[in-house]
1. Filter region 175-202 down to the residues that are under 17 Å from residue 248 (Cα atoms) and either among the acidic types (Asp, Glu) or surrounded by fewer than 18 Cβ atoms within 10 Å (Cβ to Cβ) (or both) and list them by number.
2. If I go through region 156-179 residue by residue, how many of them are within 19 Å of residue 67 (Cα to Cα) and not aliphatic (A, V, I, L, M)?
3. For residue 161, are the conditions met, namely being touching an Asp or Glu at 6+ places or on another chain (Cβ under 6 Å) and within 19 Å of residue 13 (Cα to Cα)?
4. Tell me, which helices (runs of 4 or more DSSP H) lie completely within region 88-181 with 1 or more residues that are in contact (Cβ under 8 Å) with a residue 24 or more places away in the chain and within 27 Å of residue 260 (Cα to Cα)?
5. For region 77-91: of the residues being among the aliphatic types (A, V, I, L, M) and surrounded by fewer than 17 Cβ atoms within 10 Å (Cβ to Cβ), which is farthest from residue 232 (Cα to Cα)?
6. Identify all residues within region 25-50 that are surrounded by fewer than 24 Cβ atoms within 10 Å (Cβ to Cβ), hydrophobic (A, V, I, L, M, F, W, C) and within 19 Å of residue 66 (Cα to Cα); write none if there are none.
7. I need the full set of residues from region 189-204 which are more than 24 Å from residue 230 (Cα to Cα), among the small types (Gly, Ala, Ser) and in a helix (DSSP H, G or I), in order please.
8. Return the residue satisfying two criteria in turn: it lies in region 222-242 and is in a loop (DSSP other than H, G, I, E, B) and not hydroxyl-bearing (Ser, Thr, Tyr), and of such residues it is nearest to residue 188 (Cα to Cα).
Amino acid sequence: MDLQLKDKIALVSGSTAGIGFAIAQTLAREGAKVIVNGRQQSAVDDAIARIRQATGQSAEGFAGDLSLAQEAERLIAAFPQVDVLINNLGIFEARDFADISDDDWRRFFDVNVLSGVRLARLYLPGMKTRNWGRIIFISSESGIQIPTEMIHYGTTKTAQLAVARGLAESLAGTGVTVNSVLPGPTRSRGVNDFVAELSQREGKSFEEFEKEFFTTMRPSSIIQRFASPDEVASLVAYVASPLASATTGAALRVDGGVVRNPF
């Protein structure tokens with residue numbers, strides 16, 4: 001299927017690894033002009049090289065922490081037009097509620113919520129002028145089923161759902177759509193790093209951790225495994241395309257069936 005993304009300019013925040021990288025690579029494969037983002041120039045350069053090798057397509061990059069307002073302003077000065085905005089930048093950590101400080105709450109909102117809000121505010125005027133655009137927030141099933149081990153993370157993911165829905169309604173009748181995509185447990189870089197740490201501490205293999213995780217922490221999962229970043233990216237690429245013109249204001253799950261509510 002041709003997703004009709006050729007020459008569309010697509011910015012993916014936090015895209016040097018994991019889900020963000022998979023999204024950037026998938027969009028590049030579909031012919032989009034992708035802008036890769038990460039905090040370190042070396043990581044951005046490496047991601048661009050891997051995309052070129054895998055797809056034969058070139059990509060551009062922006063090194064900067066997009067949770068900071070001044071970096072977002074620097075980004076739009078360098079890339080003033082974006083057709084597709086994927087707000088993927090995000091952080092997570094497991095921490096007991098009593099140990100989450102005010103500074104931790106602010107940090108999670110700055111990175112997970114305000115980074116996307118700010119980029120949407122900066123790029124939306126151009127999309128409205130051209131009467132075409134796609135804004136996608138990469139939320140999480142944790143925004144619906146708040147995990148007790150990281151309440152601050154889940155809360156920010158709920159906030160993304162609210163922002164996306166409200167923004168979509170404010171754009172009624174235009175060619176600009178706004179949606180959220182909700183991955184479930186995914187084998188991202190963060191998961192791999194966490195399992196590596198666990199393996200050193202408890203001597204568990206990835207397979208042992210995965211089986212235990214879905215037995216005790218996410219028993220409602222239907223696929224009973226971590227999704228791959230590419231599986232998430234496939235849905236995002238469709239939602240970002242002109243073919244998804246009637247899909248807006250939606251919270252679209254690629255959660256492996258973790259959320260039991262069928263609606």
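The values are calculated or read from the model by the stated rules, or taken from the named source; none is laboratory data. Everything quoted here is computed from the prediction, not taken from an experiment. Using ideal geometry, Cβ is built from the backbone for each residue, glycine included, and neighbour counts are taken over all protein chains shown.
1. Matches in region 175-202: 175 only.
2. Going through region 156-179 one residue at a time, the tally reaches 4.
3. no
4. So the answer is 102-109, 151-170.
5. Top of the filtered list is 77.
6. Result: 43, 44, 48.
7. 199
8. Looking at residues that are in a loop (DSSP other than H, G, I, E, B) and not hydroxyl-bearing (Ser, Thr, Tyr), I get 226.
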